[in-house]
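Everything on this sheet refers to the single structure shown next.
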Amino acid sequence: MKLYLTLLLPFFFLSCKDSNPPKAVESNNGDSQYYSEAYRPQFHFSPSEKWMNDPNGLVYHKGTYHLFYQYYPEDIVWGPMHWGHAVSEDLIRWTHKPIALYPDELGYIFSGSAVVDHHNSSGFGTEENPPLVAIFTYHLMEGEQAGRNDFQTQGIAYSLDNGDSWTKYEGNPVIGNSNIRDFRDPKVFWHEQSERWILTLVAGDYAKFYASQNLKDWDLVSEFGREQGAHGGVWECPDLFKLPVAGSSEEKWVLLISINPGAPNGGSGTQYFVGDFDGTTFTTDQSGEKWLDHGRDNYAGVTYNNTPDGKRVFIGWMSNWDYARSTPTEVWRSAMTLPRELQLHKEGDQYFLTNYPIDALSSISSEVGTHDITSTNTNFILYRDDLHNSDITFEAKLSEKLDIHLGNDNDEWVQLAWDPESKVMQFDRTRSGQTDFKDNFASPVQKQSYDPQQRDVEVRLLIDQSSIEVFIDKGRYVFTNQVFPEQPYNFMDVETAPNVIIKRFKHHTLTSIWKGNE
Ligand code: FRU
């Protein structure tokens with residue numbers, strides 16, 4: 001790739017640095033190594049060490065957002081699953097807690113959810129001190145290895161001290177297995193109208209809904225999806241919730257379904273359905289597939305129960321089963337996406353979901369500069385300095401091609417480009433840095449149909465030490481990707497057709513969320 005130097009914008013042109021090693025994070029106790037390893041995310045959640053996959057048990061209770069997660073404390077590859085645990089008051093800064101759930105004789109602790117049992121329907125607590133109840137899948141490895149199909153069942157556990165300690169229910173499993181090989185990932189919520197708990201889980205490549213009065217006794221009430229949506233792989237990590245349609249009094253139900261493999265750009269991805277749920281059955285007249293993210297690293301994402309402001313906040317696992325076990329980190333492996341608010345919109349008769357970083361991100365953000373750019377030059381460097389820990393937004397009127405590179409002096413780069421002929425936005429990480437740890441990491445170049453019809457479009461880039469999240473049009477089009485450059489990206493260049501005008505370039509830096517947290 002060439003550097004285009006036709007126009008240097010002096011206010012962005014800071015001195016070109018030599019390779020910058022990832023910055024050390026200062027700590028209160030002088031431990032400057034804490035969360036400062038190469039590729040260590042600075043404003044995303046990652047475990048202090050060892051393997052992590054899906055977010056689990058996302059629930060808010062008494063001022064605390066809980067983040068449980070699939071965790072193997074012995075290695076940086078997947079193994080016998082536990083629920084790791086972290087807490088936050090703002091969903092941005094996290095404090096690590098001891099492991100919440102350990103495997104037992106019924107199996108490993110796979111993905112699931114948590115609820116506040118406000119009226120103590122389970123009897124585990126009291127009305128005054130309602131229990132937190134976790135609902136998860138037991139995976140009995142011995143059963144799988146013996147060639148059985150019934151090795152996944154659903155269990156529950158409760159906590160009376162806001163998640164610090166957990167007791168497993170002696171009546172587990174609460175949902176047994178009738179010979180369904182993939183039968184997992186229960187997500188539970190309280191359904192107001194029918195006054196009962198609703199549990200969604202996945203069975204092979206469709207969903208099942210159960211109902212309960214007490215979180216212990218569950219009845220199967222319906223199924224969904226044998227004929228709808230994408231079926232290129234097994235369905236995982238469902239989530240069902242109601243959302244208002246922005247700008248109207250209409251409300252619809254959204255069903256998130258992770259699928260692996262079978263995502264539009266390969267491997268793991270998240271599809272969704274917009275429809276109705278009457279307390280028993282989910283229906284939709286949606287035709288075709290809808291996807292939450294066209295990047296390759298947003299999987300198994302689910303939303304918070306019981307948020308204080310009623311917002312629907314989503315967190316995904318920022319990886320992909322295609323290569324998750326091979327990414328080039330040594331102390332820990334993988335991170336979560338930024339927490340994102342989900343909103344539902346309608347255009348014509350089509351519904352679509354947006355996912356966009358929560359506003360609280362501004363609490364770690366400081367403005368570097370906002371500039372109006374009037375240039376119509378075709379090739380120019382928009383920014384030159386370390387781009388990591390950045391939040392960058394710009395606007396452009398798109399009628400002809402736009403081609404942006406984030407790169408470093410080691411000839412490593414990623415490209416975000418829009419082509420007016422095909423009306424496709426693409427994200428290319430084939431030359432992004434270390435890619436050869438697994439042959440299916442670099443390719444394919446990710447593509448998403450995008451027709452802005454000469455509108456002003458907004459592009460926001462959130463760049464951490466080993467990830468780039470791209471949000472176009474406030475989260476209507478999203479690419480979430482891991483990247484492993486050998487040096488930090490330290491320039492952003494733009495190639496456009498002459499009548500594409502880049503306007504308003506805003507740059508914020510983000511402070512490490514781990515600073516002073518150890
Ligand atoms: C999704 C998933 C879930 C399962 C968990 C196991 O990434 O496969 O279906 O519960 O991971 O760790």
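Of all lysines in the structure, the ones whose alpha carbon falls short of 20 Å from that of K311, not counting any fewer than 8 places away in one chain, are K62, K187, K242, K252, K346, K474. Backbone amide hydrogens, once placed in the peptide plane, bring A114 within less than 5 Å of G57, L58, I135, V188, excluding anything fewer than 5 places away on its chain. In a simple Cβ point-charge model (Lys, Arg +1; Asp, Glu -1; nothing else charged), the range 450-518 has a dipole of about 340 debye relative to its Cα centre. Ranking I502, S390, N440 by Cα position along the charge dipole of the chain, where only Lys, Arg, Asp and Glu carry charges on their C-beta atoms, puts I502 farthest toward the positive end.
Suppose the chain between D456 and Q350 were pulled fully straight at 0.36 nm per residue; how much longer would it get relative to their current alpha carbon spacing? Walk me through the numbers on the way to the answer.
Values: separation 106, 0.36 × 106 = 38.16 nm, distance 2.13 nm.
Working it through step by step, the gained length comes to 36.0 nm.
Would you work out the charge dipole size for the range 320-442 about its Cα centre, treating the Cβ of every Lys and Arg as +1 and the Cβ of every Asp and Glu as -1, and quote it to the nearest 20 debye?
So the magnitude is around 320 debye.
Sparsely packed loop sites in the range 191-230 (the GluC sites (Glu not before Pro) outside DSSP H, G, I, E and B with at most 14 other Cβ atoms within 10 Å) comprise E192, E195, E227. What you get for the chain, charging only the Cβ of Lys and Arg (+1) and of Asp and Glu (-1), is a dipole of about 540 debye around the Cα centre. Rounded to the nearest Hz, the phi-derived 3J(HN,Hα) couplings of the range 57-68 under the Karplus curve 6.51 cos²θ - 1.76 cosθ + 1.60 (θ = phi - 60°) are x, 5, 8, 9, 8, 6, x, 10, 8, 9, 10, 9, where x marks glycine and proline. Across the chain, the convex hull enclosing all Cα atoms gives 147 Å³ per residue. Each of D285 and R181 was given a label point 7 Å from its Cα along the Cα-to-Cβ line. The distance between the two points is 3.7 nm.
A short reminder: the numbers here are calculations on the coordinates, not readings from a lab. Just so it is clear, the model here is predicted, and its values are computed rather than measured. FYI the Cβ positions are ideal-geometry reconstructions off the backbone, even for glycines, and counts take in every protein chain you see.
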